[in-house]
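Structure, as structure tokens:
The values are calculated or read from the model by the stated rules, or taken from the named source; none is laboratory data. None of these values were measured; they are calculated from a predicted model. Here the Cβ positions follow ideal geometry from the backbone for every residue, glycine too, while neighbour counts run over all protein chains shown. Accessible surface areas use protein heavy atoms only, side chains included; no ligands, DNA or RNA. Shrake-Rupley method; radii C 1.70, N 1.55, O 1.52, S 1.80 Å.
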Amino acid sequence: MAKRALITGITGQDGGHLAELLHKKDYKVYGIIRGQHNPKRIVVEQEQPYVNLIEADLTDGSSLVRAIETAQPEELYNLAAVSHVGYSFKNPQLTAEVTGKGVLNVLEAIRLSGGEKTIRFYQASTSEMFGGLDYNRPGKGYDEDALFHPRSPYGVAKLYGHWITKNYRESYGIHASCGILFNHEGPRRGLEFVTRKISNSVARIHLGKQDHIELGNLDSKRDWGYAGDYVDGMWRMLQQDEPGDYILATGETHSIGDFLELAFKEVGIDDWKPYVKQNPAFMRPAEVDILLGNPAKAESVLGWKRQVDFPGLVKMMVQYDLGIETKRST
Ligand code: NAP
Ligand code: G4F
């Protein structure tokens, strides 16, 4: 019998990668899609026809109960969220409802449908919960015992999701794990995140469709990995006999300038500075200056290791955007 998995956030970057991974492993894959006129429905239907779409919303608990009753999953991956940090400052209440309380709604739906003992649950926690301020382990990075100090409405909402997941594990014995994932990117990344904004703009500049990029803070540093590697870590967490919390990261940190440098070099431009303008509109009221993760626990317990390194990631993204922008007329 094929295993059954339900993914919230199926139309997002990680949802697409995870569905592909589970399909290759012969799972029957179900995905939650929201909204009356979601343009991403057709994309999933065409590109991932093996996904069984179910209409539901993280803010509507009864729709989640129905989704679980339809999918009857052994594994439930909660990837849905308001996930853009900048957007969360502009829409903090929505962020709390979806990214925070939405996690509670999924956990309650598991209980209401009698799935406490049969459904393994994955919660998409984040390095944004650390906030960069208490970065006190130079060279080693944040591990699972590091202090939390979220710096955005998104980070605060995620911290609620993290703790309510741990609470339901301790209170009701749900096999619930939190993956504390550092930034992971790739060709499926939304254009509003900095790495994809850069790779797409570099391709467009190379093709003469655009003459510069406008960015906010260029000084922050991130631990950037490839999303395809990270969904494998999510799956590994749910295959363990016992639930737990794990950091997935590369153990390296790079500045936005480092990303710009490699991305522009990919199209033969050695000096990126003339092509980048700073625009205060992309600055945030509070910033996470530096993120560096320590994936030692995931490596030893899960046997997980990232495969794509930083230069490989930048190259993959720029080459992908060169491909799509060459085909597009404008
Ligand atoms: P993403 O591309 O922004 O995808 C977010 C998904 O959530 C989309 O499918 C979106 O659906 C869905 N969603 C939003 N509001 C919803 C609602 N009310 N009900 C149901 N679905 C809703 O995010 P991602 O990069 O794949 O990340 C996946 C998860 O990991 C997120 O929870 C994110 O916060 C977390 N995370 C990401 C990273 C990273 O670096 N990528 C790192 C750590 C943690 P629509 O398409 O309909 O908007
Ligand atoms: O690409 P970003 O928007 O990612 P951020 O804020 O690190 O959040 C991502 O990673 C988190 C994990 O740590 C996830 F939980 C979260 O869901 C999301 O996937 O911004 C990265 C950095 C920031 O310091 C930002 O201020 O880039 C800086 N930045 C500079 N100019 C910009 C821009 N970010 C964006 N999005 N757009 C800009 O023009």
Task: Equivalent ellipsoid, segment 30-92 (semi-axes from 5 times Cα gyration tensor eigenvalues, Å) - done: 22, 16, 11
Open item on the list: Let me check I've understood the local charge: for residue 264, count other residues with C-beta under 14 angstrom from its C-beta, Lys and Arg +1, Asp and Glu -1. What total comes out?
Closed with: -2
TODO: Compute the length gained on full extension between residue 45 and residue 217: take 0.36 nm times their separation in residues and subtract their Cα-Cα distance, giving the result in nm to one decimal.
DONE: 58.2 nm
TODO: Indicate the gyration tensor shape class of the chain (rounded, prolate or oblate), computed on the Cα atoms with a ≥ b ≥ c the square roots of the eigenvalues: a/c under 1.5 is rounded; otherwise a/b larger than b/c is prolate and the rest oblate.
DONE: prolate
TODO: Distance between Cα centroids, segment 269-319 to segment 143-178: provide it in whole Å.
DONE: 23
TODO: Give me the net charge of residue 287's neighbourhood, meaning all other residues with Cβ under 10 Å from the Cβ of residue 287; Lys, Arg count +1, Asp, Glu -1.
DONE: 0
Task: Coordinate range along principal axes, alpha carbons of segment 234-330, Å, largest first - done: 52, 36, 24
Open item on the list: Give me the one-decimal nm value for the distance between modelled label points at residue 170 and residue 283, 7 Å along each residue's Cα-to-Cβ direction.
Closed with: 4.0
TODO: Determine how large the accessible area of residue 98 is when every protein chain is in place; take a 1.4 Å probe and give Å² rounded to the nearest 10.
DONE: 20
- [ ] Report, in deg cm²/dmol and to the nearest 500, the calculated mean residue ellipticity at 222 nm for the chain, where each DSSP H run with n ≥ 4 adds -39500 (n - 2.57) and the sum is divided by the residue count.
- [x] -11500 deg cm²/dmol
- [ ] Skip the ligands, DNA and RNA, and give the accessible area per residue of the chain with a 1.4 Å probe, whole Å².
- [x] 45
Task: Neighbourhood net charge (11 Å Cβ-Cβ; Lys/Arg +1, Asp/Glu -1) for residue 303 - done: 0
Task: Residues whose placed amide H lies under 5 Å from that of residue 181, excluding near-sequence neighbours - done: 125, 126, 127, 248
- [ ] Measure nothing fancy, just the Cα-based angle from helix 102-112's long axis to the longest principal axis of the chain, in degrees from 0 to 90, nearest 10.
- [x] 20
Open item on the list: Keeping all protein chains in place and using 1.4 angstrom, which order do 275, 30 fall into by accessible surface area, from largest down?
Closed with: 275, 30
Task: Within the accessible area of segment 171-330 (1.4 Å probe), percent carbon and sulfur - done: 49
- [ ] Report ³J(HN,Hα) in whole Hz for each residue of segment 20-29, in order, from the Karplus equation J = 6.51 cos²θ - 1.76 cosθ + 1.60 where θ = phi - 60°; Gly and Pro get x.
- [x] 4, 4, 5, 4, 5, 8, 6, 6, 8, 9
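Whole-Å semi-axes of segment 4-68's equivalent ellipsoid, largest first, each the root of 5 times a Cα gyration tensor eigenvalue?
18, 14, 9
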Task: segment 255-312 - Kirkwood radius from inverse mean 1/r over Cα pairs (Å) - done: 14.8
Open item on the list: I'd like the distance separating the alpha-carbon centroids of segment 40-58 and segment 12-31, in whole Å.
Closed with: 11
Open item on the list: With every protein chain left in place and a probe of 1.4 Å, what is the accessible surface of residue 222, to the nearest 10 Å²?
Closed with: 20
